[in-house]
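Working notes, beginning with the structure itself.
The values are calculated or read from the model by the stated rules, or taken from the named source; none is laboratory data. Owing to the predicted nature of the structure, the values given are computational and were not obtained by experimental measurement. Ideal geometry is used to build each Cβ from the backbone, glycine not excepted, and the neighbour counts take in all protein chains shown.
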Amino acid sequence: MKKLYIAIAIILILIIAGTAIIVNKTKNNKESGELGLTTIQLNEVTRSVFYAPQYAAISKGFFEEEGINIEITTGQGADNVMTAILAGQSDIGLCGPEASIYVYNEGKEDYVQVFAQLTRKDGSFLVSREKTDNFSWSDLKGKTVIPGRKGGVPYMTLEYTLKQNGINPSTDLILDDSINFDLMAGAFSSGTADYVTLFEPTASMVEEAGKGYIVASVGEESGEIPYTAYCAKKSFIENNSQIIEGFTRAIYKGEQWVKENDARTVAEAIVDYFPDTSIDDLEKSVQSYKDIEAWNETPFLSETAFNKLQEIMIEAGELDNLAPYDKIVNNYYANKVVE
């Protein structure tokens, strides 16, 4: 009889333990992926206030409304983002459209399409080692600048800006592209180069640390360009039409929400994505991007903007053949959610 009681006790313990495991697993699923939502692996090129509409869309629940749970990886460079997409490690990427153009021109059958634009200007700010009261782009002559990876939009947009100001990027200064994107601020703070281009809030953090001074906005100087957009393999878009539409709608809501709210409100909505940055600094960074009208108001990517990007790429010597707009850019979902 004693053995029977022991056996029953063991069975009860196993049942209770099993139930606890099931309940805990369900709880974890709900907390990490929100039960019933489709999880999308999103690879962003870097973590920056420049992408505030994306973080706002997540924090305000716009993705959840579309049945989507977002898991973010920060690729630290458009080339890394594209590698992850092509390898199937990420579903959607946020990077410069130039990466999709490169892939298409390589002749890949399942190439990558851009389906939603987020930013429409360069998000980097030029930081000087020396304090300059009346900065002129001619001040860069004879200097060394850390501009990012050659072939990337930040590098090419800076080149374009230099040329617009009568500076020859090949002979008038040194563009040091040997430093990885995520190491640029550290290298500059350690004494490398005279200038560096940085996104917010990194630019302001370098300035507050007394390591440099923000002297200009590259985006304000270079004008409108489809700087960062969402992309995915053509097959993924075709096979996940509902997800792509919902994703695009959530981004559109994020773009509109950021447009309609002041910098402080936006900063409060995205603060969880920048744990090392104060709310005051975030507000300042958001306002900097509002001032230059950095964000698209809709996910639509125009042919005019796309062609300007390709012209910049050709001028930079990074593109020989123009890629067709109607192949690279898929505005079907942008048009649908806006309408």
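Mind checking which residues of segment 64-80 are in a loop (DSSP other than H, G, I, E, B) and charged (D, E, K, R)?
Here is the first cut: in segment 64-80, the ones in a loop (DSSP other than H, G, I, E, B) are 66-67, 75-77.
Listed by number, the list holds a single entry, GLU66.
Please name all residue pairs, on different chains or six or more residues apart, with Cβ atoms under 8 Å, provided the first residue is in segment 164-183 and is touching a residue at least 40 places away in the same chain (Cβ under 8 Å) and loosely packed, with under 14 Cβ neighbours inside 10 Å and the second residue is part of a loop (DSSP other than H, G, I, E, B) and among the acidic types (Asp, Glu).
Note: no pairs meet the criteria.
Counting only residues that are part of a loop (DSSP other than H, G, I, E, B) and closer than 16 Å to GLU224 by Cβ, how many does segment 265-302 have? Give the derivation first.
Within segment 265-302, the first condition is being part of a loop (DSSP other than H, G, I, E, B), and the residues that meet it are 274-278, 292-294, 296-302.
Of the ones still in play, those that are also closer than 16 Å to GLU224 by Cβ are 292-294, 296-302.
Here the count works out to 10.
Run LYS131 past the list (1) of a type in the set (D, E, K, R); (2) under 30 Å from ILE328 (Cα atoms); (3) outside the structural domain of LYS259 (by TED's automatic domain parsing); (4) touching a strand residue (DSSP E or B) at 6+ places or on another chain (Cβ under 6 Å) and report the number of the one that doesn't hold.
Unmet condition: (2).
Out of the strands (runs of 3 or more DSSP E) lying entirely within segment 92-179, which hold 1 or more residues that are under 17 Å from the mean Cα position of the chain (by Cα) and aromatic (Phe, Trp, Tyr)? Talk me through it step by step, then tell me what you get.
Working: elements: 92-95, 112-119, 125-128, 144-146.
The strands (runs of 3 or more DSSP E) meeting that bar are 112-119, 125-128.
Table: residues versus (1) under 19 Å from the mean Cα position of the chain (by Cα); (2) hydrophobic (A, V, I, L, M, F, W, C); (3) closer than 26 Å to LEU158 by Cβ.
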| position | (1), (2), (3) |
| --- | --- |
| GLN256 | yes, no, no |
| THR277 | yes, no, yes |
| THR298 | yes, no, no |
| ALA334 | yes, yes, no |
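Kindly establish whether GLY219 is buried (at least 23 other Cβ atoms within 10 Å of the Cβ) and touching a helix residue (DSSP H, G or I) at 6+ places or on another chain (Cβ under 7 Å). Before you say what the answer is, go through the steps one by one.
Numbers: buried (at least 23 other Cβ atoms within 10 Å of the Cβ): yes; touching a helix residue (DSSP H, G or I) at 6+ places or on another chain (Cβ under 7 Å): no.
No; evaluated as a whole, the condition is false for this residue.
Residue-wise test of (1) surrounded by fewer than 24 Cβ atoms within 10 Å (Cβ to Cβ); (2) modelled with pLDDT of 95 or more; (3) under 20 Å from ILE40 (Cα atoms).
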{"site": "ALA87", "(1), (2), (3)": "yes, yes, yes"}
{"site": "GLY93", "(1), (2), (3)": "no, yes, yes"}
{"site": "ASN105", "(1), (2), (3)": "yes, no, no"}
{"site": "TYR111", "(1), (2), (3)": "yes, yes, yes"}
{"site": "VAL114", "(1), (2), (3)": "no, yes, yes"}
{"site": "GLN117", "(1), (2), (3)": "no, yes, yes"}
{"site": "ARG120", "(1), (2), (3)": "yes, yes, no"}
{"site": "PHE125", "(1), (2), (3)": "no, yes, no"}
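Starting from residues that are of a type in the set (D, E, K, R) and under 17 Å from ALA229 (Cα atoms), keep the ones in segment 44-67 and report whichever is modelled with the lowest pLDDT. First the steps, then the outcome.
Filtering segment 44-67 down to residues of a type in the set (D, E, K, R) leaves 44, 47, 60, 64-66.
Narrowing the set further to residues that are under 17 Å from ALA229 (Cα atoms) leaves 44, 47.
Values: GLU44: 98, ARG47: 95.
So, considering only residues that are of a type in the set (D, E, K, R) and under 17 Å from ALA229 (Cα atoms), the one modelled with the lowest pLDDT is ARG47.
What number goes with the only condition from (1) modelled with pLDDT under 95; (2) touching a Ser or Thr at 6+ places or on another chain (Cβ under 8 Å); (3) small (Gly, Ala, Ser) that GLY166 does not pass?
Among (1) modelled with pLDDT under 95; (2) touching a Ser or Thr at 6+ places or on another chain (Cβ under 8 Å); (3) small (Gly, Ala, Ser), the lone unmet condition for GLY166 is (1).
Which of the residues that make up segment 306-335 are surrounded by 13 or more Cβ atoms within 10 Å (Cβ to Cβ) and among the charged types (D, E, K, R)?
LYS308, GLU311, GLU315, GLU318, LYS327
GLY186 - would you say it is farther than 23 Å from THR74 by Cβ and surrounded by fewer than 16 Cβ atoms within 10 Å (Cβ to Cβ)? I'd like the intermediate steps shown before the answer.
Details: farther than 23 Å from THR74 by Cβ: no; surrounded by fewer than 16 Cβ atoms within 10 Å (Cβ to Cβ): yes.
No, not satisfied.
Select, from LYS290, LYS284, LYS259, the only residue that is of a type outside the set (Ser, Thr, Tyr) and touching a Phe, Trp or Tyr at 6+ places or on another chain (Cβ under 9 Å).
Only one candidate qualifies: LYS259.
Across segment 253-301, what is the number of residues that are free of Cβ contacts under 8 Å to residues at least 40 places away in the same chain and among the polar types (S, T, N, Q)?
4
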